[in-house]
Amino acid sequence: MDMPTYDIAISGAGPAGSALALALARKSPRPERIALIGRRFAASRGPAAEKAGMAIDPRTLALNHGSRILLEQLAAWPAASADIRTVHVSQAGRLGRSLIRYDELGVPRLGSVVGYDDLLYSLHAALLDSGVSLIEATPTQTLAAGQVEFDLGSSRLRSALAVQSDGIRPQGIERRYRQSAVLATVRALRPRQAWAFERFTRNGPLAILPHPHGDDLYGVVWCCPPAEAERIRSLDDTDFARALYAMFGSRLGHFQPLGERHVFPLSMHAGPSLINARCVAVGNAAQTLHPVAGQGLNLGLRDVAQLAQALSPWLARPESDPAGLLAQFARQRRPDRWLTAGITDFLPRVFATGNPLVEHAGGLALLALDILPPLRDPLARHLLQGLRT
């Protein structure tokens, strides 16, 4: 039997890989020659099966304005979302805070919060109507004779190009933050509609985000040393609510915890976008970031948008050599990737030094950002949409 051959095979059907498959399908005259390889496809089982037979991922995702536009263009925006129109940035125990408001930047919202499972379901539902070939497998790949071959276990396939989007940590720059993130959902006694909060503490940043499934619900991302994270996770609901209130303050009133709490270790990994002449990496396969400012998936979706644009002429002539287009893609992505990685690496470390002089300087910086738009707006716009070329 002949080995199936595709123009592009994408390894990894998470949010970045799925969005890339949809974006490429819109530019390809033969979307069936795009293969998306993943362990499972949520929409093929239906939402009832998802809830009954599979654990719901605890994560919520903060998607910025640019990411929302992309997903809406791909007809993959989830039904449930919570707008962010104001971001409040502060530092525990020190003066100084900054507000970033949507109307100052001329956009309808700064971003939106969605559930990870909700986003994945909407992406996979859109894929069912896209013409893309969906293959359930966990592949390994090799480069052979100008093409990429994938071993799917019981079968093999071949493609002219390959994209890694499987979440395997890239090889290159690595930083261990000695922090873990405690993820939780809480109900607030005094909710503030469309407000998100980023609070820097000596142990790490604390984010409280509006939740897509209730106006008085918030997603909590509490970063702290691993032993402290495990202690916080194991607190009973009353003690957890008290600890969160003590760290965050009274802006939202008292909290009522809901559901389980989860802990994830934090680290930064960054590697090349261009793996070889026939393979590129996007999303978490290219870079994994600290969750401060919620930039990880937003950066990955910018990878997706730029790669789909770069490959648009090649999709019309897949027999041509794509090396130049892939190299150009890697060059164009470099400034945005390294600037975003630099910001998300710097912020959680500088505010957690425990040095009073640094903390006071951080408070002054937040105050300066608040009262001087020429300082605040470039940072806000980068977080809103990144560097685009």
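Data table
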item: Qualifying residue in the range 347-361 (condition: at pLDDT 70 or above and buried (at least 20 other Cβ atoms within 10 Å of the Cβ)); result: yes
item: Unmet criterion (only one of (1) farther than 17 Å from Ala25 by Cβ; (2) surrounded by 21 or more Cβ atoms within 10 Å (Cβ to Cβ)) for Arg156; result: (2)
item: Selected residue (only one of Ser112, Ser122, Ser130 is part of a strand (DSSP E or B) and among the hydroxyl-bearing types (Ser, Thr, Tyr)); result: Ser112
item: Residue satisfying condition, being surrounded by fewer than 22 Cβ atoms within 10 Å (Cβ to Cβ) and in contact with a Lys or Arg (Cβ under 8 Å, 6 or more places away or on another chain), within set Ala162, Ala137, Ala125, Ala184; result: Ala137
item: The range 222-256, subset aliphatic (A, V, I, L, M) and part of a helix (DSSP H, G or I), residue nearest to the chain's Cα centre (by Cα); result: Ala229
item: Single residue of Gly300, Gly219, Gly259 found to be in a strand (DSSP E or B) and crowded, with 21+ Cβ neighbours inside 10 Å; result: Gly219
item: Tally of residues being touching a residue at least 60 places away in the same chain (Cβ under 8 Å), closer than 21 Å to Ala229 by Cα and either assigned by TED's automatic domain parsing to the domain that holds Phe240 or not in a strand (DSSP E or B) (or both) across the range 269-297; result: 5
item: Pair list, Cβ under 8 Å, 6 or more apart: the range 190-204 residue more than 10 Å from Cys223 (Cβ to Cβ), other residue acidic (Asp, Glu) and assigned to a strand (DSSP E or B); result: Pro191/Asp215; Pro191/Asp216; Gln193/Asp215; Ala194/Asp83
item: Filter result for the condition that a residue is within 20 Å of Gln287 (Cα to Cα), at pLDDT 90 or above and not polar (S, T, N, Q), over Ala137, Ala162, Ala126; result: Ala162
item: In the range 61-117, the residues that are more than 13 Å from Ala196 (Cβ to Cβ) and of a type in the set (Asp, Glu); result: Glu72, Asp103, Glu104, Asp117
item: Residue pairs meeting the criteria (Cβ under 8 Å; at least 6 apart or on separate chains; first on the phi < 0 side of the Ramachandran plot, in the range 312-324; second among the basic types (Lys, Arg) and part of a helix (DSSP H, G or I)); result: Ser312/Lys27; Leu315/Lys27; Pro318/Arg33
item: Flag for Gln171 being farther than 22 Å from Leu297 by Cα and either assigned to a strand (DSSP E or B) or not acidic (Asp, Glu) (or both); result: no
item: For Trp314: the one exception among (1) of a type outside the set (D, E, K, R); (2) surrounded by fewer than 21 Cβ atoms within 10 Å (Cβ to Cβ); (3) over 18 Å from the mean Cα position of the chain (by Cα); result: (2)
item: Failed criterion for His213 (all others in (1) over 24 Å from Thr344 (Cα atoms); (2) modelled with pLDDT under 95; (3) surrounded by 21 or more Cβ atoms within 10 Å (Cβ to Cβ); (4) not β-branched (Val, Ile, Thr) hold); result: (3)
item: Matching residues in the range 45-60 - criterion: being outside any loop (DSSP other than H, G, I, E, B), within 23 Å of the chain's Cα centre (by Cα) and modelled with pLDDT of 50 or more; result: Pro47, Thr60
item: Odd one out for Pro265, checked against (1) buried (at least 21 other Cβ atoms within 10 Å of the Cβ); (2) within 22 Å of the chain's Cα centre (by Cα); result: (1)
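Yes or no, residue by residue, for (1) closer than 30 Å to Cys223 by Cβ; (2) at pLDDT below 95; (3) in contact with a Gly (Cβ under 7 Å, 6 or more places away or on another chain):
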{"position": "Pro4", "(1), (2), (3)": "no, yes, no"}
{"position": "Leu24", "(1), (2), (3)": "no, no, no"}
{"position": "Gln73", "(1), (2), (3)": "no, no, no"}
{"position": "Val87", "(1), (2), (3)": "yes, yes, no"}
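The values are calculated or read from the model by the stated rules, or taken from the named source; none is laboratory data. Since the model is a prediction, treat every value here as computed from it, not as a measurement. Glycine gets a Cβ as well: all are built from the backbone with ideal geometry, and neighbour counts include every protein chain shown.
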